[in-house]
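What follows is a set of notes on a single structure, which appears directly below.
Values in this text are rule-based calculations from the coordinates and carry no lab data. This structure is a prediction, so every number in the text was calculated from the model and none was measured. Here the Cβ positions follow ideal geometry from the backbone for every residue, glycine too, while neighbour counts run over all protein chains shown.
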Amino acid sequence: VQLQASEGGLVQAGGSLRLSCAASGGNLISYGVGWFRQTPGNERKFVAAIAWRGGSTIYADSVKGRFTVSRDNAKNTVYLQMNSLKFEDTAVYYCAADYRGPVPTSDMTEYDYWGQGTQVTVSS
């Protein structure tokens, strides 16, 4: 499975941005999908994840109430809607796929495939 994250961008603080993660070479319906982010010199951190079945979701505390992860299995795509963006949300965002993981997970080692990363910059 190849994952392709949509282009990020530059947005003002308080604004919104939606990222998408499209899959090719496989059907994303069988994968839980997670979003992670990384800033220079820091480790990659969990943002949000959605289960492959049932649609349950989990979020990092830092984004809870502002970000929403969803999926459209017909389009083989998972989305990350980011609202009320803050300067500290600036990072490279990655999507990742976990084959039939029983629950959505923040554990990076559970993910089998990763997208290439996309830059999101929030101006203060």
Total charge of the residues flanking ALA96 in space, meaning their Cβ is under 12 Å from its Cβ, with Lys and Arg +1 and Asp and Glu -1, is -2
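For every other residue with a beta carbon closer than 14 angstrom to the beta carbon of SER123, add +1 if it is Lys or Arg and -1 if Asp or Glu, then tell me the sum.
-1
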For the pair LYS86/ARG66, report the inter-label distance in nm, with labels modelled 7 Å from Cα in the Cβ direction.
0.5
Pull up all non-local amide H partners of ARG71: gap of 5 or more, or a different chain, and H-to-H distance under 5 Å with H placed in the peptide plane.
TYR79
